[in-house]
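Report on the structure given below.
The values are calculated or read from the model by the stated rules, or taken from the named source; none is laboratory data. Please read all numbers here as calculations on a predicted model, not as lab measurements. Here the Cβ is made from the backbone with ideal geometry for all residues, glycine too, and neighbour counts use every protein chain on show.
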Amino acid sequence: MKLLVINGPNLNFLGIRERGIYGTESYDGIMERLKEKAKEDGIDLEVFQSNSEGGIIDRIQQAYHDRVNGIIINPGAYAHYSIAIRDALASIEVPKIEVHMSNVYKREEFRHTSVIAPVCTGEIVGLGSMGYFLAMDAMKEYII
Ligand code: DQA
């Protein structure tokens, strides 16, 4: 099984940014743990991060050509307004799970809406880095 994890803007600053909200573990630390778990589970996992909308869209389109079986995406702030990322995700017919480290529904009102969620299979919010692991488990055990 081939899975792609996409992280949007500012997620490369995990461990540095707003630690009271996102915790102290670095982006690389979380993604390394995720890759180790994928290896144990026999999942071919690729991890991608970009601070730009176009970069994320290009990677989603590449996933189609690469015949990826599922996409786990934390779109960062783009979740709340990027119709272009939503359209890119909608154009690929594989399961998609949206992940947010923080509980966006407990935060500012502008974070309560995700334009991405309606084109995803499911959404995991508020469970910190565990959200990525749960999403990977869900892909393996339940969805694919
Ligand atoms: C986030 C939530 C978004 O609202 C925010 O813009 C982020 C991180 C999360 O993982 O909790 O950058 O996606």
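Scanning the stretch 69-97 for residues that are surrounded by 20 or more Cβ atoms within 10 Å (Cβ to Cβ) and either part of a loop (DSSP other than H, G, I, E, B) or within 9 Å of the ligand (Cβ to nearest atom) (or both) yields Asn74, Pro75, Gly76, Tyr78, Ala79, Ser82. Being of a type outside the set (Lys, Arg), at pLDDT below 95, out of contact with any Cys (no Cβ under 7 Å at 6 or more places or on another chain) and not in a loop (DSSP other than H, G, I, E, B) is the requirement here; does Tyr142 meet it? Here the answer is yes, as Tyr142 does meet what is asked.
Hey, any hits in the stretch 98-114 for a residue that's touching a helix residue (DSSP H, G or I) at 6+ places or on another chain (Cβ under 7 Å) and more than 13 Å from the ligand (Cβ to nearest atom)? Looking through the stretch 98-114, none of the residues is touching a helix residue (DSSP H, G or I) at 6+ places or on another chain (Cβ under 7 Å) and more than 13 Å from the ligand (Cβ to nearest atom). Do you know which of the residues in the stretch 43-68 that are within 16 Å of the ligand (Cβ to nearest atom) and hydroxyl-bearing (Ser, Thr, Tyr) is surrounded by the most Cβ atoms within 10 Å (Cβ to Cβ)? My answer is Ser50. Of all the listed residues (Asp66, Asp44, Asp58, Asp28), the sole one being among the charged types (D, E, K, R), in contact (Cβ under 8 Å) with a residue 12 or more places away in the chain and out of contact with any Lys or Arg (no Cβ under 6 Å at 6 or more places or on another chain) is Asp66.
Counting the residues of the stretch 14-30 that are more than 9 Å from the ligand (Cβ to nearest atom), surrounded by 13 or more Cβ atoms within 10 Å (Cβ to Cβ) and either in a loop (DSSP other than H, G, I, E, B) or of a type in the set (A, V, I, L, M, F, W, C) (or both) gives 5.
With respect to Glu40, determine if the residue is among the acidic types (Asp, Glu) and surrounded by 14 or more Cβ atoms within 10 Å (Cβ to Cβ). It would help to see each step written out before you state the result.
On the way: among the acidic types (Asp, Glu): yes; surrounded by 14 or more Cβ atoms within 10 Å (Cβ to Cβ): no.
Answer is no for this residue.
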